[in-house]
1. Which pairs have Cβ atoms under 7 Å, sit 6 or more apart or on different chains, and link a residue in the range 200-214 that is modelled with pLDDT of 90 or more to one that is open to solvent by 50 Å² or more (accessible area, probe 1.4 Å) and not in a strand (DSSP E or B)?
2. Please tell me if GLY403 is open to solvent by 40 Å² or more (accessible area, probe 1.4 Å) and more than 30 Å from GLU70 (Cβ to Cβ).
3. For the range 424-454, which residues satisfy the criterion of being surrounded by 16 or more Cβ atoms within 10 Å (Cβ to Cβ) and without any contact (Cβ under 8 Å) to a residue 60 or more places away in the chain?
4. Of the residues that make up the range 376-387, is at least one in contact with an Asp or Glu (Cβ under 6 Å, 6 or more places away or on another chain) and within 20 Å of GLU135 (Cβ to Cβ)?
5. Could you tell me which of the residues VAL420, VAL459 is of a type in the set (Val, Ile, Thr), open to solvent by 20 Å² or more (accessible area, probe 1.4 Å) and farther than 21 Å from ILE159 by Cα?
6. Here are some conditions: (1) assigned to a loop (DSSP other than H, G, I, E, B); (2) aliphatic (A, V, I, L, M); (3) modelled with pLDDT of 95 or more; (4) open to solvent by 10 Å² or more (accessible area, probe 1.4 Å). ALA37 meets all but one. Which one does it not meet?
7. Would you check which residues across the range 382-404 are of a type outside the set (A, V, I, L, M, F, W, C) and either closer than 19 Å to GLY335 by Cα or assigned to a strand (DSSP E or B) (or both) and list them?
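The values are calculated or read from the model by the stated rules, or taken from the named source; none is laboratory data. Keep in mind the model is a prediction, meaning the values are calculated, not measured. FYI the Cβ positions are ideal-geometry reconstructions off the backbone, even for glycines, and counts take in every protein chain you see. SASA here: full protein model, heavy atoms, side chains in, ligands and nucleic acids out. Shrake-Rupley method; radii C 1.70, N 1.55, O 1.52, S 1.80 Å.
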Amino acid sequence: MITQHFSRRRMLQSTSCGFGWLALSHLARSVSAESQAANRLPACAKNVILCYMSGGVSHIDSFDPKPRLEREAGKPMPVKVERTQFNNNGNIFPSPFSFKQWGESGIPISSMFPHIAESADDLAIIRSMTTPVNEHAQGNFAFHTGFPFIGHPSAGAWINYGLGTENENIPGYVVLRSGQSGVPHGGVGQWSSGYLPAEHQASVVDLDSDEPVPNIQPRELDDVQRRRMALIAEFDGKFSGRVQHNSQVEAAIRNYETAYRMQTAVPELCDLSQESDSIHDLYGTRSANSQTAGYARQCLLARRLVERGVRFVELTCLPQVPGGSQAANPWDQHGGLEEGHRRMAEQVDQPIGGLLKDLKSRGLLDSTLVIWAGEFGRTPFSQGSNGRDHNPFGFSVWMAGGGIRGGVVHGATDDYGYHVVEHKQTFYDLWATVLHQLGVDHEQLTFRYSGRDMRLTDVHGNVIQSVVS
């Protein structure tokens, strides 16, 4: 069991899909004799890239085709319709997008995603995801932290806490923004470290800002900074001793040290001009569509981050159109679904497709787990005339790389894509599987808080065995 007594973690040695082990270093002085490190499993993945599709992508328009909707278009739903967010429910609404089978696996994927579809044989599509909440902010918190409200650590913070970063010059949990990408409903709390030490919260990097991280450019000579840092370190060390080396205080001290080192690392990291023309073309960073280009910069930087040992990287979607609304939930089409989903797919498809291909060509997909997910799906019946309302009863996510079996489909919804009928899964199961691929038993990654051993999967979660190698 990992406890708060351990202040730093280092992954000293691991091999792709081989045996790795977790070594704990820099133990706090208050380590008790009974404290134990988390049990380590054979690890396939070392890094995670989360492509978060905020707003709720329609699964029946993307990765879960339902021919019955076409046959019964315009008819009333023949089953009970559950309460929806707006209760402006219409009749059966077939997908405006076509589906085609891709790869040797023959997985059907929507015409929205031709670039991602080229990597179909690397995808494990889970068509049976569910969530207990039906509202954006609660859904975002439930996905990121396992709880539908603020105050708990994000999955990225948990993973960084359990494994640490492999690069001391860059934080281990990074959230990327570009263009006008927004913070999903619920706010930055969904990226927080909660009750974990503060060093594990996300660092937000804005690629298009003159300063990707605020105040990253030095305001004084390095020699002056070093002397100032030495003085601060002396004061901090004395204070830390007086408070028995409190983990939150020590985390704040380490954050100062990391911020100093980031002054050199971040500008070099964010300089995408170092990449070849072929790479820019692959990702679409120079696309005439500014939204595509903006998201492509995030995908390319995500690859550069995992190359440098950053443990968890999350990407954020841009609004449907420049200057448009819905920056927090751009996939949320309660009306105009076809146009809205088409715009969003055009934004993310080539960049994510390029990311998958680039990781694979560099041998990084073996050790990098890519996740594509949103907070819930959409209804098979219309909201109004041409939109879809929220559907938490069954939707799709996918994973690729990091030892995940490619070319497989797990679980199923009914013929209308409304409710899960086979292998019902939750976000707890998803994160249990991610941790398993990282070599961590999700039941053992805990933190003592308010008298209880807390964990990302709470008291739930099972590894989805059919998608792991």
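1. As it stands, the answer is LEU207/ARG297, since those pairs meet every condition given.
2. Against the criterion (open to solvent by 40 Å² or more (accessible area, probe 1.4 Å) and more than 30 Å from GLU70 (Cβ to Cβ)), GLY403 does not qualify.
3. Once the filter is applied, which keeps residues that are surrounded by 16 or more Cβ atoms within 10 Å (Cβ to Cβ) and without any contact (Cβ under 8 Å) to a residue 60 or more places away in the chain, the range 424-454 yields ASP429, ALA432, THR433, HIS442, GLU443.
4. Yes, some residue in the range 376-387 is in contact with an Asp or Glu (Cβ under 6 Å, 6 or more places away or on another chain) and within 20 Å of GLU135 (Cβ to Cβ).
5. Checking each option against the conditions leaves just VAL420.
6. Of everything listed in (1) assigned to a loop (DSSP other than H, G, I, E, B); (2) aliphatic (A, V, I, L, M); (3) modelled with pLDDT of 95 or more; (4) open to solvent by 10 Å² or more (accessible area, probe 1.4 Å), ALA37 misses just condition (3).
7. Within the range 382-404, SER382, GLN383, GLY384, SER385, ASN386, GLY387, ARG388, ASP389, HIS390, ASN391, PRO392, SER396 qualify.
Results for (1) closer than 21 Å to ALA142 by Cβ; (2) touching a Ser or Thr at 6+ places or on another chain (Cβ under 6 Å); (3) of a type outside the set (A, V, I, L, M); (4) not in a strand (DSSP E or B), shown as yes or no for each residue.
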| site | (1), (2), (3), (4) |
| --- | --- |
| GLY406 | no, no, yes, yes |
| LEU430 | yes, no, no, yes |
| LEU435 | yes, no, no, yes |
| THR457 | yes, no, yes, yes |
